[in-house]
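Q: Once you've had a glance at the structure underneath, I'll fire off some questions.
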Amino acid sequence: MSLSDRAPSGRFAPMDLHVADHPLIAHKLTVLRDAQTDSSRFRTLTDELVMLLSYEATRGIRTEPKDVTTPVSTTTGTALSAPRPVVVPILRAGLGMLEGMLKMLPTAEVGFLGMVRDDETFDVHAYAERLPADLTDRQVFVLDPMLATGGTLAMAIDFLLERGVSSVTAVCLVSAPEGVEAIAEKYRGITEVTVHTAALDERLNEKGYIVPGLGDAGDRLYGIV
C-alpha cells in the first residue's frame, strides 16, 4: 500500500513509509488484534509478523560479493557487509519482536532502550540504555510494536543520532497517522527515517491509544505486572 493512498501527496515526505500489503500479514494481524487472543498466541504471532516485515525492512541492507565453492562448481554469491547491523528493541514491548528479527538477522548486534510513556501527559521517559558509544556508518533497526504519538520512536532516534547514526529503519506492528506525521516533521532534513508497519490505522483516541489498534502491546505480550 502506498502512502499516497492514505494521505495527501507529500504529507509525510521525506520519511519513507511502507505499509505491508500481504494476505498472510493481514490474517496474522487480525488474530493479533482480537482481544480473545492470549499472551502465548500473541507472542507467537508477533514473532511471525516481525519475520515477514523484516523481509522488506532489510531490503536495503549492505552486502558484498563472496566466492563460494558448491559441490559442483565455484560461484560468486552474496554476504552481509561489515560492520554488522544493529537491532534495537524498545523495552518492554519491543523485546517481543527481537526473536523474529534475529531469526532473519542472526549475526546482528543488539542494543537496548528502555522507555515508558506517561498515560496522562504522553511524555516519554528513558529508564535504561545499552548501546555502542559509536554507531557511525552502522545500519540500525529499531523495534517498537506501536507507533502512536511518535514520542517513543523520536527519543530512540535521538539516542541513535547522538552516536553517529545517519539513517534509521523502524519496524512496527501498528502505526497511527499522527505518529507517522510527527516523526516525518521532526526529522525532516535531519536524517533518513524509514518505517515498516503491518498497518496504518485510523487515528489516536483521547488516551493516545491507536484505533482500532491492538491494545497495550506490552500487556498483551507479557501480562499486567
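The values are calculated or read from the model by the stated rules, or taken from the named source; none is laboratory data. These numbers were taken from a predicted model, which means no experiment stands behind them. Please note: Cβ atoms are built from the backbone with ideal geometry, for glycine as well, and neighbour counts cover all protein chains shown. Each accessible area value is taken on the protein alone, full model and side chains, heavy atoms only, with ligands, DNA and RNA left out. Shrake-Rupley method; radii C 1.70, N 1.55, O 1.52, S 1.80 Å.
Q: Out of every Cα-Cα pair in the range 35-128, what percent are more than 22 Å apart?
A: On the way: 2150 of 4371 pairs.
In whole percent, the share of Cα-Cα pairs in the range 35-128 beyond 22 Å is 49.
Q: Next question, about the same structure. Show me the ranking of peptides 35-41, 177-183 by mean Cβ neighbours inside 10 Å, starting with the highest.
A: Numbers: 35-41: 10.9, 177-183: 21.0.
Listed from highest to lowest mean packing, they are 177-183, 35-41.
Q: For the chain, take the longest principal axis of its alpha carbons; what is the angle in degrees between that and the long axis of helix 39-57, to the nearest 10 within 0 to 90?
A: 50
Q: Ok, one more. Skip the ligands, DNA and RNA, and give the accessible area per residue of the range 107-225 with a 1.4 Å probe, whole Å². Provide the component values of the computation, followed by the final result.
A: Values: 5160 Å² over 119 residues.
Solvent-accessible surface per residue comes out at 43 Å².
Q: Between 0 and 90 degrees, rounded to the nearest ten: what's the tilt of helix 95-104 against the longest Cα principal axis of the chain?
A: 20
Q: When the helices in the chain are scored as -39500 (n - 2.57) per DSSP H run of 4 or longer and the sum is shared across all residues, what 222 nm value do you end up with, to the nearest 500 deg cm²/dmol? Walk me through the intermediate numbers first.
A: Working: 6 runs with 67 residues, N = 225.
The helix contribution divided over the chain gives -9000 deg cm²/dmol.
Q: Another question, if that's okay. Using only Cα atoms, tell me the angle between helix 177-186 and the longest principal axis of the chain; keep it within 0 to 90° and round to the nearest 10.
A: Here the helix axis deviates by roughly 60 degrees.
Q: Please report Rg over Rh for the chain, where both radii come from the alpha carbon positions and Rh follows the Kirkwood definition. Kindly include the intermediate steps, with their values, before the conclusion.
A: On the way: Rg = 17.7 Å, Rh = 18.1 Å.
On the Cα set of the chain, Rg over Rh gives 0.98.
Q: Something else about it: Can you give the accessible area of H18, probe radius 1.4 Å, in Å² rounded to 10?
A: It works out to around 70 Å².
Q: Compute, for the chain, the length of the dipole vector about the Cα centre, with Cβ point charges of +1 (Lys, Arg) and -1 (Asp, Glu) only. Units Debye, rounded to 20.
A: Working: 21 positive and 31 negative charges, 103 e Å.
For the chain, the charge dipole is close to 500 debye.
Q: Out of residues 5 or more away from V140 or on other chains, whose amide H comes under 5 Å of its own, with H placed 1.01 Å from N in the peptide plane?
A: Result for V140 returns V86, T169.
Q: Can I ask one more? How do the peptides 78-87, 159-168 rank, highest first, by the average count of neighbouring beta carbon atoms within 10 Å per residue? It would help to have the intermediate numbers written out before the result.
A: Details: 78-87: 15.1, 159-168: 17.1.
Ranking the peptides 78-87, 159-168 by packing returns 159-168, 78-87.
Q: For the chain, give me the percentage of DSSP beta bridges that are antiparallel, rounded to the nearest 5 percent.
A: Numbers: 15 of 41 bridges.
Once the DSSP bridges in the chain are tallied, antiparallel ones form about 35 percent.
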